[in-house]
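J.: Below are the structure tokens for one structure; questions will follow.
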Amino acid sequence: MGRTWYPRVDDIINYNKEVLKIYKATKAEKHEIGGETRSRIRRALQSARAKRGDLEDKSIVLLRRINELHPFGSANRRTAHFAMNKMLYHNKWYLVAMKRERQAGIQKLIRQGKLSHKQIRESYKL
């Protein structure tokens, strides 16, 4: 495989807008970015780029860091999953599909720091 494709900060901001259009959980949810949004996304991307390992490892780091850094007012977990899949797709990898409830449960455990990198990889069957 050639050079790894990573989303840009603006891409991830747009992913948040997109997931809120498609998967809005409550009427109160809205796309909000704060003063720290861009720097938090940059940190997530830097962590993914710095991760030793294959594309799957790097995409898991992106998923985890967006989830942990919580850059948006709403839909951080859904945005993290969407960003991971976009990264996999653009690098001609397979996408991760699972029922919404299962994905939400895994994401919640990630946010709570209860899953190791290996456990996340196994949960997503990467």
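The values are calculated or read from the model by the stated rules, or taken from the named source; none is laboratory data. Please read all numbers here as calculations on a predicted model, not as lab measurements. Note that we place each Cβ from the backbone using ideal geometry, even for glycine, and neighbour counts take in every protein chain shown.
J.: Confirm whether Ser47 is within 21 Å of Gln112 (Cα to Cα) and not acidic (Asp, Glu). Working first, answer last.
T.: On the way: within 21 Å of Gln112 (Cα to Cα): yes; not acidic (Asp, Glu): yes.
It is true that Ser47 is within 21 Å of Gln112 (Cα to Cα) and not acidic (Asp, Glu).
J.: Report yes if Arg121 is surrounded by fewer than 22 Cβ atoms within 10 Å (Cβ to Cβ), in contact with a helix residue (DSSP H, G or I) (Cβ under 8 Å, 6 or more places away or on another chain), among the basic types (Lys, Arg) and touching a residue at least 12 places away in the same chain (Cβ under 8 Å), otherwise no.
T.: Values: surrounded by fewer than 22 Cβ atoms within 10 Å (Cβ to Cβ): yes; in contact with a helix residue (DSSP H, G or I) (Cβ under 8 Å, 6 or more places away or on another chain): yes; among the basic types (Lys, Arg): yes; touching a residue at least 12 places away in the same chain (Cβ under 8 Å): yes.
Spelling it out, Arg121 is indeed surrounded by fewer than 22 Cβ atoms within 10 Å (Cβ to Cβ), in contact with a helix residue (DSSP H, G or I) (Cβ under 8 Å, 6 or more places away or on another chain), among the basic types (Lys, Arg) and touching a residue at least 12 places away in the same chain (Cβ under 8 Å).
J.: Right, next: Going through region 48-85 one residue at a time, which ones are charged (D, E, K, R) and either in contact with a Ser or Thr (Cβ under 8 Å, 6 or more places away or on another chain) or touching a residue at least 12 places away in the same chain (Cβ under 8 Å) (or both)? I'd like the intermediate steps shown before the answer.
T.: Step one: list which residues in region 48-85 are charged (D, E, K, R), which gives 49, 51-52, 54, 56-58, 64-65, 68, 77-78.
Of everything in region 48-85, those that are charged (D, E, K, R) and either in contact with a Ser or Thr (Cβ under 8 Å, 6 or more places away or on another chain) or touching a residue at least 12 places away in the same chain (Cβ under 8 Å) (or both) turn out to be Arg49, Glu56, Asp57, Lys58, Arg64, Arg65, Glu68, Arg77, Arg78.
J.: From the list Gln112, Gln46, Gln103, exactly one residue is modelled with pLDDT of 95 or more and of a type in the set (S, T, N, Q). Which is it?
T.: Numbers: Gln112 fails: modelled with pLDDT of 95 or more; Gln103 fails: modelled with pLDDT of 95 or more.
The conditions single out Gln46.
J.: If only one of Leu45, Leu115, Leu88 is surrounded by 14 or more Cβ atoms within 10 Å (Cβ to Cβ), part of a loop (DSSP other than H, G, I, E, B) and free of Cβ contacts under 8 Å to residues at least 40 places away in the same chain, which one is it? First the steps, then the outcome.
T.: On the way: Leu45 fails: part of a loop (DSSP other than H, G, I, E, B); Leu88 fails: part of a loop (DSSP other than H, G, I, E, B).
The match here is Leu115.
J.: When the residues of region 7-46 are filtered to those that are among the hydroxyl-bearing types (Ser, Thr, Tyr) and over 12 Å from the mean Cα position of the chain (by Cα), which remaining residue is farthest from Ser74 (Cα to Cα)? Outline the logic, then answer.
T.: Taking region 7-46 as the starting set, the residues that turn out to be among the hydroxyl-bearing types (Ser, Thr, Tyr) are 15, 23, 26, 37, 39.
Next, from what is left, pick out any that are over 12 Å from the mean Cα position of the chain (by Cα): 23, 26, 37, 39.
Working: Tyr23: 11, Thr26: 10, Thr37: 12, Ser39: 17 Å.
Ranking the qualifying residues of region 7-46, first place goes to Ser39.
J.: Tell me which of these Val96 doesn't satisfy, since it passes every other one: (1) outside any loop (DSSP other than H, G, I, E, B); (2) hydrophobic (A, V, I, L, M, F, W, C); (3) within 12 Å of the chain's Cα centre (by Cα).
T.: With (1) outside any loop (DSSP other than H, G, I, E, B); (2) hydrophobic (A, V, I, L, M, F, W, C); (3) within 12 Å of the chain's Cα centre (by Cα) applied to Val96, the lone miss is (1).
J.: Go through (1) of a type outside the set (Asp, Glu); (2) under 18 Å from Pro7 (Cα atoms); (3) not in a loop (DSSP other than H, G, I, E, B) and name the single condition Arg102 misses.
T.: (2)
J.: Next up: If you check Asn91 against the conditions, is it farther than 18 Å from Ser39 by Cα and of a type outside the set (Asp, Glu)? Full working, then the answer.
T.: Details: farther than 18 Å from Ser39 by Cα: yes; of a type outside the set (Asp, Glu): yes.
When the stated conditions are applied, Asn91 passes them.
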